[in-house]
Amino acid sequence: MAEIVSLAEAVERAIHDGDAVAMEGFTHLIPFAAGQEVIRQRRRNLTLIRMTPDLIYDQLIGAGCARKLIFSWGGNPGVGSLHRFRDAVEHSWPVPLEIEEHSHAGMANRYVAGASGIPFAVLRGYNGTGLETLNGDDGSAPTIKPISCPFTGETLTAVSALRPDVAVIHAQRADRAGNVQLWGITGVQKEAVLASARSVVTVEEIVDELDPRPGAVVLPGWTVTFVAQARDGAHPSYALGYSVRDNDYYVAWDAIARDRKTFTRWLDQLYAGRS
């Protein structure tokens with residue numbers, strides 16, 4: 001059953017150096033507060049997994065937390081590039097970054113396979129993309145391989161399951177038993193939690209009882225490891241019903257991340273608790 005703890009304790013107990021960590025949330029409910037706590041605790045050599053790496057992973061990569069990124073798209077939405085991500089790939093600053101690229105559909109289906117307890121997913125979408133040539137070149141096991149349908153003989157593509165050590169998500173609410181409720185635009189948060197060995201869920205509030213919400217996703221407490229209250233924990237993204245997107249932050253981040261010295265000053269402020 002889920003334990004309700006502080007965010008600092010949740011990160012300390014759940015996320016360790018060398019872990020594979022999936023921080024998910026699409027457009028809103030992005031777990032920025034948790035990501036920044038990982039930076040404060042100076043975790044290192046993480047494999048970061050996310051369908052759409054945006055500012056949250058730019059910050060983690062720039063802080064030197066990551067050794068590898070598994071992803072399907074990366075950018076500052078509506079603004080431009082992720083400069084800390086680019087610096088790590090192009091110049092190995094602050095540390096070299098290995099990358100493993102997939103399609104959106106491939107990443108989503110990899111999470112589903114992991115959550116389902118099966119070793120791989122099968123889809124057509126990779127045929128002709130060349131993405132399979134980007135996997136395994138560094139001596140690691142390929143995560144994309146052709147497979148023949150046993151019924152028709154058609155050549156399809158298999159993608160290996162994702163089974164992170166830790167999933168980190170943000171949600172609107174949890175009750176005191178650790179049951180988590182989220183609604184609005186949902187991505188693969190549910191699948192990421194179910195595919196992972198451990199999970200950290202930050203929430204806007206903890207309530208006595210969850211009331212029904214149309215289209216809401218509920219993660220039972222037995223699927224969650226730690227719940228931590230973190231009001232505005234998705235900022236600068238938003239939590240539907242609780243906060244709005246801080247568009248100015250995304251614009252400002254471009255200048256902060258573009259220059260190493262400016263970013264380092266931002267990082268020093270984060271360590272000092274003034275992010």
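Near residue 197, once Lys and Arg are set to +1 and Asp and Glu to -1 for all other residues with Cβ below 11 Å from its Cβ, the sum equals 0. Residue 238 sits among other residues whose Cβ lies under 11 Å from its own Cβ, and their net charge, with Lys and Arg +1 and Asp and Glu -1, is -2. Within the chain, what's the longest run with no GluC sites (Glu not before Pro) in a DSSP loop and at most 11 other beta-carbon atoms within 10 Å? Give the range, please. Between exposed loop sites, the widest span is 1-153.
What the phi angles of segment 107-124 give under the Karplus curve with 6.51, -1.76 and 1.60, with θ = phi - 60°, is a coupling list of 4, 4, 6, 5, 4, 4, 4, x, 5, 8, x, 10, x, 7, 10, 10, 7, 8 Hz, glycine and proline written as x.
Largest accessible area first, the residues 149, 65 order themselves as 149, 65 under a 1.4 Å probe with ligands, DNA and RNA left out.
In this structure, the amide hydrogen of residue 49, modeled 1.01 Å from its nitrogen in the peptide plane, lies closer than 5 angstrom to those of 21, 22, 23, 70, counting only residues at least 5 positions away or on a different chain. Coupling constants for segment 222-232 follow from the phi torsions by the Karplus curve (6.51 cos²θ - 1.76 cosθ + 1.60, θ = phi - 60°), and in residue order they are 6, 8, 10, 8, 10, 10, 9, 6, 9, 4, 6 Hz; glycine and proline get x. For segment 155-210, relative contact order (Cα pairs under 8 Å, six or more residues apart, normalised by length) works out to 49 percent.
Placing pseudo-labels 7 Å out from each Cα toward the beta carbon at residue 101 and residue 210 gives an inter-label distance of 3.7 nm.
In summary, the lysines within cross-link reach of residue 145, defined as a Cα separation below 30 angstrom excluding same-chain residues under 8 places away, comprise 68, 190.
Couplings for segment 152-163, taken from phi via the Karplus curve 6.51 cos²θ - 1.76 cosθ + 1.60 with θ = phi - 60°, read 10, x, 5, 7, 10, 10, 9, 10, 5, 5, 9, 10 Hz in order; Gly and Pro are left as x.
Find the centroid of the Cα atoms in segment 84-111 and in segment 241-275, then give the distance between the two in whole Å. Measuring centre to centre over Cα atoms gives 21 Å. Taking the DSSP bridge list for segment 1-124 and keeping only pairs wholly inside it, about 10 percent are antiparallel.
A Förster radius of 41 Å, combined with the Cβ-Cβ distance separating residue 9 from residue 152, puts the computed FRET efficiency at roughly 0.20. The dipole here belongs to segment 83-125: it is taken about the Cα centre, uses +1 on the Cβ of Lys and Arg and -1 on the Cβ of Asp and Glu, and is about 220 debye.
Per residue, segment 147-259 exposes 45 Å² of solvent-accessible protein surface, assessed with a 1.4 angstrom probe and all protein chains in place.
The values are calculated or read from the model by the stated rules, or taken from the named source; none is laboratory data. Small disclaimer: the values here were computed from a predicted structure and weren't measured. Note that we place each Cβ from the backbone using ideal geometry, even for glycine, and neighbour counts take in every protein chain shown. The protein model used for the area step is the full one, side chains on, heavy atoms only, and it has no ligands, DNA or RNA in it. Shrake-Rupley method; radii C 1.70, N 1.55, O 1.52, S 1.80 Å.
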